[in-house]
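Presented below is the structure to which this report refers.
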Amino acid sequence: QSPLSIAYKELFPIVVATYLWGPQWVSRQVKFLCDNGSVVAVLKSGTSQDKSIVVLLCYLTMLAIHHSFSFTASSVQGC
């Protein structure tokens, strides 16, 4: 993953968490907290110029549809 962007590397664990715990989020509103403003913007807008991020975002959206939950994102201050 070294040639991939930081935004991709921070979005990837969100997608993995969704894959693992998505079945438990049925009919819920999930809020992802992230210290990367780009990731928050991508999650809120649903689009990106980076094709690798779009692939992750599509997979995340498909998981949300499959498990019937919605999501949003908020920025938190990092260390």
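Nothing in this text is a laboratory measurement; each read-out follows from the coordinates by a stated rule. If you're wondering where the values come from, they're calculated on a predicted model, not measured in any experiment. With ideal geometry, Cβ positions are generated from the backbone for all residues, glycine too; neighbour counts draw on all protein chains shown.
Here are some notes:
- If you take all other residues with their beta carbon under 14 Å from the beta carbon of Ser70, and give Lys and Arg +1 and Asp and Glu -1, the sum is +3.
- Helix 51-66 and the longest principal axis of the Cα set of the chain meet at an angle near 10°.
- About the Cα centre, charge dipole magnitude for the chain (Lys/Arg +1, Asp/Glu -1 at Cβ), debye: 140
- Normalised by the number of residues in the chain, the average gap of Cα pairs under 8 Å and 6 or more apart makes the relative contact order 45 percent.
- Cα-projected label distance for Cys58 with Thr72, points at 7 Å along beta-carbon direction, nm: 2.7
- Interchain or long-range residues, amide H under 5 Å from Phe71's placed H: Val30
- Per-residue HN-Hα couplings for segment 21-29 [Karplus 6.51, -1.76, 1.60; θ = phi - 60°; Hz; x = Gly/Pro]: 10, x, x, 8, 9, 4, 6, 10, 9
- Hydrodynamic radius by Kirkwood, which averages 1/r over all alpha carbon pairs of segment 30-75, in angstrom: 10.8
- A helix-only calculation puts the chain at -16500 deg cm²/dmol for mean residue ellipticity at 222 nm, using -39500 (n - 2.57) for each DSSP H run of at least four residues, averaged over all residues.
- Principal axis box of the chain, alpha-carbon based, largest edge first, Å: 34, 26, 21
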